[in-house]
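Trainee: Dropping a structure here in structure tokens format, bear with me for questions.
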Amino acid sequence: MSATVVGYDRIMGRWRPDARGRLVQAAFALYSERGFEQTTVAEIAKRAGLTERTFFRHFADKREVLFAGADALRELLVSTVMQAPASTAPIDAAAAGLEAAGAAIQEGGELPRQRQAIIAASAELRERELIKLASLASALADALRRRGVEEPAASLTAEAGIAVFRVAFERWIDESDQQDLPRLIRQSLEQLKAVVAGV
């Protein structure tokens, strides 16, 4: 009886929880060390102490390790815009959604900065990032249309909002003093409003 327990404990000792998190950490480390293009799924799985099969249960391919949160970010953005009071101006509803997205990104600690450095080093990943931003702009415009904002105002507001988000995010990535990302988004939007108003 005790031999069975010991055997079971040894097996369980090799198992560690949070396979997805371990895969992300392993992938980020390898992408940073060797580059995205030079890293294989097999290497990521091995570094995480898992199998390739486990990797593919969590991610469609090695790019998805970097972009897996895009759907959740889009949903957060849209739901925040939709929950804004009906009297809220379109640009302010968009700003609320973008600030919520910024707060979610900021919760990732150093991972967003690591992720951005990996993306910046790869033309393929930079292109994918642009596609993600275009998808966010499209979702934001759709949310504004559902709030009754007509075209072209909905699309213009969404595109301007994503531009503000991108500028604020780049400042947040580059600045060493760890400023608050939602606050940077607000500041960038206020600067855009001042430019448009001719102040």
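Trainee: Starting from region 140-153, take each residue that is over 14 Å from L77 (Cβ atoms) and list its partners that are among the polar types (S, T, N, Q) and at pLDDT 95 or above, counting only C-beta distances under 9 angstrom and pairs at least six apart or across chains.
Mentor: Correct list of pairs: R145/S155; V149/T157.
Trainee: Right, here's the next one. Take region 150-169 and flag every residue that is part of a helix (DSSP H, G or I) and among the charged types (D, E, K, R).
Mentor: The answer is E159, R166.
Trainee: Quick one: count up the residues across region 81-116 that are part of a helix (DSSP H, G or I) and among the small types (G, A, S).
Mentor: Number of matching residues: 10.
Trainee: Turning to a different aspect of this structure: Tally the residues that are among the aliphatic types (A, V, I, L, M), in contact (Cβ under 8 Å) with a residue 60 or more places away in the chain and either loosely packed, with under 13 Cβ neighbours inside 10 Å or touching a Gly at 6+ places or on another chain (Cβ under 7 Å) (or both), restricting the search to region 31-77.
Mentor: 1
Trainee: If I filter region 142-149 for residues that are more than 20 Å from the chain's Cα centre (by Cα), not in a helix (DSSP H, G or I) and not aliphatic (A, V, I, L, M), do I get at least one hit?
Mentor: Yes: one or more hits.
Trainee: Examine region 144-157 for a residue that is within 26 Å of Q25 (Cβ to Cβ), in the same structural domain as L76 (by TED's automatic domain parsing) and either surrounded by 14 or more Cβ atoms within 10 Å (Cβ to Cβ) or touching a Pro at 6+ places or on another chain (Cβ under 8 Å) (or both), and state whether such a residue exists.
Mentor: No: zero hits.
Trainee: Taking region 92-106 only, how many residues are within 16 Å of T157 (Cα to Cα), of a type outside the set (D, E) and surrounded by fewer than 21 Cβ atoms within 10 Å (Cβ to Cβ)?
Mentor: 1
Trainee: Let me ask something else. With more than 13 Å from the chain's Cα centre (by Cα), surrounded by 20 or more Cβ atoms within 10 Å (Cβ to Cβ) and outside the structural domain of A29 (by TED's automatic domain parsing) as the only criterion, which of L189, L136 stands out?
Mentor: Only one candidate passes the filter, namely L189.
Trainee: Give the residues of region 61-80 that are touching a Ser or Thr at 6+ places or on another chain (Cβ under 9 Å) and part of a helix (DSSP H, G or I), sorted by residue number.
Mentor: Answer for region 61-80, where residues must be touching a Ser or Thr at 6+ places or on another chain (Cβ under 9 Å) and part of a helix (DSSP H, G or I): A70, R74.
Trainee: Give region 15-51 a look and list any residue that's assigned to a loop (DSSP other than H, G, I, E, B) and under 20 Å from R128 (Cβ atoms), or say none.
Mentor: Answer for region 15-51, where residues must be assigned to a loop (DSSP other than H, G, I, E, B) and under 20 Å from R128 (Cβ atoms): G35, F36, E37, Q38, T39, T40.
Trainee: Follow-up. Is there any pair with a first residue in region 88-101 that is under 10 Å from I185 (Cα atoms) and among the hydrophobic types (A, V, I, L, M, F, W, C) and a second that is outside any helix (DSSP H, G or I) and at pLDDT 95 or above whose Cβ atoms are under 6 Å apart and which are 6 or more apart or on different chains, and what are they?
Mentor: Taking only residues 6 or more apart or on different chains, the pairs are A96/A84.
Trainee: Shifting gears a bit: Give D71, D92 a once-over and let me know the one that is out of contact with any Asp or Glu (no Cβ under 9 Å at 6 or more places or on another chain) and more than 24 Å from K193 (Cα to Cα). Reasoning before the result, please.
Mentor: On the way: D92 fails: more than 24 Å from K193 (Cα to Cα).
Going through D71, D92 in turn, the sole match is D71.
Trainee: Also: Report yes if R115 is touching a Leu at 6+ places or on another chain (Cβ under 6 Å) and more than 18 Å from V164 (Cα to Cα), otherwise no. Step through it out loud before you land on a result.
Mentor: Details: touching a Leu at 6+ places or on another chain (Cβ under 6 Å): yes; more than 18 Å from V164 (Cα to Cα): yes.
Judged against the criteria, R115 is a match.
The values are calculated or read from the model by the stated rules, or taken from the named source; none is laboratory data. Note that the structure is predicted; figures quoted are calculated from it, not measured. In this analysis, Cβ positions are derived from the backbone assuming ideal geometry, glycine residues included, and neighbour counts consider all displayed protein chains.
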